[in-house]
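Since the structure comes first, as structure tokens, the remarks are kept for the end.
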2 protein chains.
Amino acid sequence: MSMKTLPVLCCGPAVEPLDPEASETLAARFRALSDPTRVAIVNRLASTEECCVCDLNAAFELSQPTISHHLKVLRDAGLVESSRRGTWAYYRLVPDAVSELRRTLGG
Amino acid sequence: MSMKTLPVLCCGPAVEPLDPEASETLAARFRALSDPTRVAIVNRLASTEECCVCDLNAAFELSQPTISHHLKVLRDAGLVESSRRGTWAYYRLVPDAVSELRRTLGG
DNA sequence: TCCTTTCATCGATGGACGTCGATACACTAT
DNA sequence: ATAGTGTATCGACGTCCATCGATGAAAGGA
């Protein structure tokens with residue numbers, strides 16, 4: 001899950017044409033935010049700095065496997081990272097990944 | 001397709017908690033960019049300022065109905081707008097919509 | 001050891017999405 | 001009018017996705 005990312009723009013001022021591979025990469029990242037639950041999770045992590053999965057399970061009226069699935073999607077997209085401490089798993093945002101996405105839109 | 005938009009943040013510095021409706025709205029916009037073809041279309045429009053549908057049909061190896069479908073998705077999301085001049089339809093970006101999305105990520 | 005708690009994974013299901021050919025619509029030219 | 005061209009819509013099909021219950025894995029406590 002390395003998140004080595006090239007400075008590719010999709011739109012905004014002075015954009016360069018995108019090769020198919022870059023389009024695929026960008027679309028994959030936006031797809032990670034294409035679900036309201038995942039947007040809400042990311043939003044929560046953005047204001048909490050670190051969050052236990054059990055809190056997320058309590059915050060959203062969805063089953064535990066569903067929340068776990070959304071967390072995996074966000075992990076695979078490189079937007080969040082997790083670490084286990086004892087019995088609990090803690091998730092936090094990857095700020096650079098968000099910045100990357102923002103720059104993609106032409107900041 | 002009015003695009004009256006509230007200044008809602010989903011992440012980034014100093015974000016406020018999101019109500020379910022706002023999450024839905026944000027997710028819908030990101031979903032419009034969750035397809036590589038649509039990312040490429042937006043990218044192309046960002047550097048061409050205005051573009052005929054026939055050029056898009058030629059640029060992507062997809063059927064004309066498929067391109068038309070993607071353009072509709074982008075239109076419904078408020079990211080692009082179109083106008084017919086004679087036989088041809090011209091599409092262009094809605095810069096404010098892109099800026100909105102960028103601000104959503106905490107610019 | 002056994003039970004409980006926390007989280008991840010599996011398998012199934014219903015619905016949404018991308019894609020296409022066929023067709024309808026709008027405009028132009030002859 | 002008729003034919004031709006550029007777009008949009010329709011209907012269908014296959015695939016992907018969100019969701020769930022059931023199950024597995026790991027850790028801690030009795």
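The values are calculated or read from the model by the stated rules, or taken from the named source; none is laboratory data. The shown structure was predicted, so the numbers you read here are calculated from the model rather than taken from an experiment. Neighbour counts run over all protein chains shown; Cβ positions are idealised from the backbone, glycine included.
Of the candidates B:Ala40, B:Ala59, B:Ala14, the single residue that is more than 10 Å from DNA strand C (Cβ to nearest atom), of a type in the set (Gly, Ala, Ser) and farther than 26 Å from A:Glu16 by Cα is B:Ala14.
Is there a residue being of a type in the set (Phe, Trp, Tyr) and either crowded, with 17+ Cβ neighbours inside 10 Å or in contact with a His (Cβ under 9 Å, 6 or more places away or on another chain) (or both) anywhere in the range B:77-88? No. Residues of the range A:60-76 that are buried (at least 16 other Cβ atoms within 10 Å of the Cβ) and near DNA strand D (Cβ under 7 Å from one of its atoms): A:His70, A:Val73.
Within the range A:62-107, the set of residues being at pLDDT 95 or above, part of a loop (DSSP other than H, G, I, E, B) and within 10 Å of chain B (Cβ to nearest Cβ) comprises A:Leu79 only.
The residue that is nearest to DNA strand C (Cβ to nearest atom), counting only those in the range B:82-99 that are in contact with a Leu (Cβ under 9 Å, 6 or more places away or on another chain) and under 11 Å from B:Cys51 (Cα atoms), is B:Ala89. Within the set B:Asn57, B:Asn43, the sole residue that is in a helix (DSSP H, G or I), surrounded by 20 or more Cβ atoms within 10 Å (Cβ to Cβ) and either away from DNA strand D (no atom under 16 Å from the Cβ) or of a type outside the set (Ser, Thr, Tyr) (or both) turns out to be B:Asn43.
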